[in-house]
Amino acid sequence: MLFTLVYWLYITLICYLAGQALLTLVARFFSDQHTDQSWPLTCLLGAAALTTSLGYAYLWTPINGVVHAVVVVLLVGYAGWKRPFSYLPDNTGSRQLWPVLLALLSLTILIRSTQLPRLNDTGGYHAPMIEWIRHYAVVPGLANLNYRFGFNNSWFLLNAFFAWPLPGAPLPNGLPGFVSPWHGLNGWLLLLGFALAIVERKKPLAWLWGGFMVGLLLIFHWTLASPTPDLPAQLYAGLVVFSWLRHDGFRAKPLGIEAWLCLFFGLVAMTTKLSTVTVLALPALLLLSALRRRSWRYLAVAVLTIGLATGYWWAGNIILSGYLFYPSLSPLADLFSVDWKVPRYLIEQGLFNLTDGTKAGYAGPTWHVWAWVPHWFATRPLLEQATALLLAGVPVAVLFGQKSNDNTSQYTLRWAIATATLGVLFWFLLAPDLRFGAASVLLLLLLSYAPLARRLAALFPEKPRQRVLQFTASLLIISLLFAALKREPSSWLLPTPYPNPPLTTVKLGSQTLYIATDRTDEAHGIRGYWSNCYAAPLPCAPYVPPGLRLRGKELGEGFRMYNAQ
């Protein structure tokens, strides 16, 4: 745990410098705007800026130690030139904080971040994809080797940038001279979100961000040791709605840096996880508003930002899978004729895993859209069942709640609720696993039920309300800490390394293909479909895709399918 804690401090420093550098650059286009942001928000912005920059580097070179050193040298040079630490606001102290509870919360997140990942996708494609990013520039047709490699989640770029080989005995089946990598960014990100809630607790709608972070903690606490892109995508999406509400839809002020941040975080959320695309409805409204106001400067910067924040992602999609966006059977995605294009049957399998697979294996008639709902509800965990019931009660809560508060207009609130509702529908119909739509679900519940809760709380005196809040927070944090300690023992120095998967080998042209054999169950008629490679040698796959071929002699030249249908 000590290694992870120290490394988190280093990551905070690097991301803060990157965020300040980006703010300095953007301020040149909005010279009349106030550019200072709280340090947690600056770090979040820096993480997003680094991700975007690394996306372009990845098109040409692996994201390895050389790239890391170059970026760090540039940021240190910027720090010596601009001295950005003088901009750190003095707003982090408070006599009203609960220091013991905050310390226990931080310890819970730290413990969870150093335990063995339990998310199935971690060994199947998270960890292996990060290793591909660290050792090769973007590989044409890599999705043919493992269809999940085509998802192109930009969060993996930052994980590759900060990946650190842990000291210890090398894995017998691992990469040569390599030990289990460090992938603890999600815990750092969650702590940063709570830091933002603390630092900006006196600003409007602080309760909304605080409640949102508590919700993310409940949903993602057990996945923090995994480099999954689910948490960062939902956090970035939450920042978009939060910024929209805090600034009342940007209707009473010039469109400047704050509006630009709303757009940029939305684009980064989309490139991190495509399922968050619905949150871009709010930045789209800002573009329409800019047209009506004739804010040509903002429009020019926004168009440039859209191109730069997504250009590498579109290119990466095409190179990895042959499609503009993936996985999709839409003709709009199939615009390019390349020899490494993923065959249709692999995409159909992937879409089934994302949609029907998350509906708990319902075997009824597929034409009946809602037929799977009762079965889905009965087979979900208690937290998701409670969430579904609360979502069903949203219309009643909105009807009896207050109309608006915190200086938020009806226009702003309605668009925020509409965007969250759109995200919930998109999530529930396509892939109803709570971690895929957490931002939309949490924001819709908070915006719908918070006014009603306030009206009920006003019936009781202030002191009893505070005591109930303190008791609830204490119970929650202590329960999560106990669950983390009970799960498995954690080392005080280093995080738990990845498992060493059993492997077999087959020849693939001039290369050796490693096949993970830790799973023997069948899916789509394929034995071991969900096997895990973790940090196995490259190339590694859960099974041998029929017709898989190398495009050349070297792995970096990519993969294709022979006689693919």
How high is the relative contact order of the chain? Use alpha-carbon pairs under 8 Å, at least six apart in sequence, and give a whole percent. 21 percent
Report the net charge of residues surrounding LEU217, where surrounding means a beta-carbon distance below 13 angstrom and charges are Lys +1, Arg +1, Asp -1, Glu -1. +2
Per-peptide average of other Cβ atoms within 10 Å, ordering 247-254, 532-539 highest first: 532-539, 247-254
To the nearest 10 square angstrom, what accessible area does LEU555 show with a 1.4 Å probe? 10 Å²
The cysteines in the chain that find no other cysteine Cβ closer than 4.7 Å to their own Cβ are CYS262
Whole-Hz ³J(HN,Hα) from phi, Karplus 6.51 cos²θ - 1.76 cosθ + 1.60, for segment 235-243, glycine and proline x: 5, 4, 5, x, 4, 5, 5, 4, 5
Roughly how tilted is helix 99-113, in degrees to the nearest 10 and between 0 and 90, from the longest Cα axis of the chain? 10 degrees
Classified through the alpha carbon gyration tensor (a ≥ b ≥ c as square roots of its eigenvalues; rounded if a/c is under 1.5, else prolate when a/b is larger than b/c, else oblate), segment 222-325 comes out oblate
To the nearest 0.05, the calculated FRET efficiency linking LEU389 and LYS486 through their beta-carbon distance, R0 being 25 Å, is 0.35
Take each of the peptides 329-339, 280-290, average the number of other beta-carbon atoms within 10 Å over its residues, and list them starting from the highest. 280-290, 329-339
Separation in nanometres of the label points that stand 7 Å from Cα toward Cβ, at LEU74 and ARG344: 4.3 nm
What whole-number value in Å² describes the accessible area per residue of the chain for a 1.4 Å probe? 44 Å²
Give me P(r) over the chain, computed from all C-alpha to C-alpha distances, binned every 10 Å, as integer percentages. 3, 17, 28, 28, 17, 6, 1, 0
Simple spin-label model, 7 Å along Cα-to-Cβ: LEU308 to ALA458 in nm? 4.6 nm
Roughly how many nanometres apart are two label points built 7 Å out from the Cα toward the Cβ at SER474 and LEU332? 5.3 nm
Post the alpha-carbon centroid distance, segment 256-292 to segment 375-395, in whole angstrom. 29 Å
Could you please state how large a percent of the accessible area of the chain is carbon and sulfur, counting protein chains only and using a 1.4 Å probe? 66 percent
How far is helix 206-220 tilted, in degrees, relative to the longest principal axis of the Cα atoms in the chain, given as a value from 0 to 90 rounded to the nearest 10? 30 degrees
So what is the calculated 222 nm ellipticity per residue for the chain, using -39500 (n - 2.57) for each DSSP H run with n of 4 or more, over all residues, to the nearest 500 deg cm²/dmol? -17500 deg cm²/dmol
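The values are calculated or read from the model by the stated rules, or taken from the named source; none is laboratory data. From a predicted model like this one, the values you see are computed outputs, not experimental measurements. Cβ atoms come from the backbone with ideal geometry, glycine included; neighbour counts cover every protein chain shown. For accessibility, only protein heavy atoms count, side chains too; no ligands or nucleic acids. Shrake-Rupley method; radii C 1.70, N 1.55, O 1.52, S 1.80 Å.
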